[in-house]
Amino acid sequence: MIVLENPLLEDPVEDEASDVEEMEIVGALKSGKISEGAIKTISHVNNVPKLKERLEAIQKKLPWIESLDVTVDLKVPTEEMKAIISDNFKQEMLFYKQSQIGTQQSIARLKNMGIATKRPEDFFAEMVKSDEHMKRVKEKLISKQLTLERTEKVTKMRKMKKLGKKVQQEVLKKRAEEKKQMMENVKKIRKGKAEAEEVDNFDIDTEHEASGSQKKEINRKRKAKDSKYGFGGKKKMAKKNTTESYKDVSSFSSRIHSKPKRSAKNDKRKGKPQRPGKSKRANMKSKARNK
């Protein structure tokens, strides 16, 4: 069996992965794919001085403000650490406490250095994206929102339409049933087969029907208009003279019907004189030019 030597570990590491790897090597040896000389024992060496030397070579000596590294030692007891290893929630709480303590130490150190840790109220941060780009983004978001609202509205209207049709069908069905029941009750009452309870339930407003059967009296204005303009009947030739109307002269008045027609000579009304006609005005103009 191949054993990986590791000076940092007290016992050799043997797990399922190594067992699988060993089986693969044995299978390769039997099949002749690899030779025994090709297999080498790998050993890990922990050369601390060389590691420190390499660390100093790559390490940059920068001020603390550039790295902001903080080391926090919580000093957890061994028994408690064993319980934390098998509990994920306790591990997360330990990380949370460690981060909290480190943040508090860093803020205190920054305040001692005179460095502000909070953003001022009047701080203006320039956006990475331009105003035109953000305007397009805003328009796209608004269009999406409007489309979503329109879709929801159409869906709601469809549901309401279906519900309205359903309600309308139920109402029409109920009315048809009530009408059918009423007609059956009427038939029973007419034939005298209805029981006393059915007759009581079938209400008929006889007073209203009796009052509605009586004709209302027509007022005087209505009578006068009917006598003057007529009320239905024939409308054509209504004003044509008859023999009786021709001989009837009772409505003739000499005061009204004997006035002479007005003319330009007899017209004594005040105001501007009447304008002469077109031909008369043309003659007047020609006479004025000849002079």
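Between LYS165 and HIS133, with labels modelled 7 Å along Cα→Cβ, what's the label distance in nm to one decimal, could you check?
About 5.0 nm separates the two model spin labels.
Let me cross-check SER86: its accessible surface, 1.4 Å probe, with only protein heavy atoms counted, in Å² to the nearest 10?
Taking all protein chains as shown, SER86 has close to 100 Å².
If r is the Cβ-Cβ distance from TRP64 to THR147 and R0 is 51 Å, what FRET efficiency results, to the nearest 0.05?
Using R0 = 51 Å, I get an efficiency of 0.45.
Taking 35 Å as R0, compute the FRET efficiency from the Cβ-Cβ separation of ASN47 and MET23 and round it to 0.05.
Values: r = 33 Å, r/R0 = 0.94.
Once the sixth-power term is evaluated, E becomes 0.60.
Can you tell me the equivalent ellipsoid semi-axes for the range 97-162? Use √(5λ) from the Cα gyration tensor, largest first, whole Å. Show your work: numbers first, answer last.
Working: eigenvalues 497, 88, 16 Å².
Semi-axes (√(5λ), whole Å): 50, 21, 9.
Between ALA116 and LYS247, 0.36 nm times their residue separation minus their Cα-Cα distance comes to what?
35.0 nm
Taking N as the number of residues in the range 23-154, what value does Rg over Cα atoms divided by 2.2 N^0.38 Å take?
Its radius of gyration relative to the 2.2 N^0.38 Å reference: 2.09.
The values are calculated or read from the model by the stated rules, or taken from the named source; none is laboratory data. These numbers come from a predicted model, not from an experiment. When we count neighbours, we look across all protein chains shown, and the Cβ atoms used for this are built from the backbone with ideal geometry, even at glycine. The accessibility values were calculated without ligands, DNA or RNA, using every heavy atom of the protein model including side chains. Shrake-Rupley method; radii C 1.70, N 1.55, O 1.52, S 1.80 Å.
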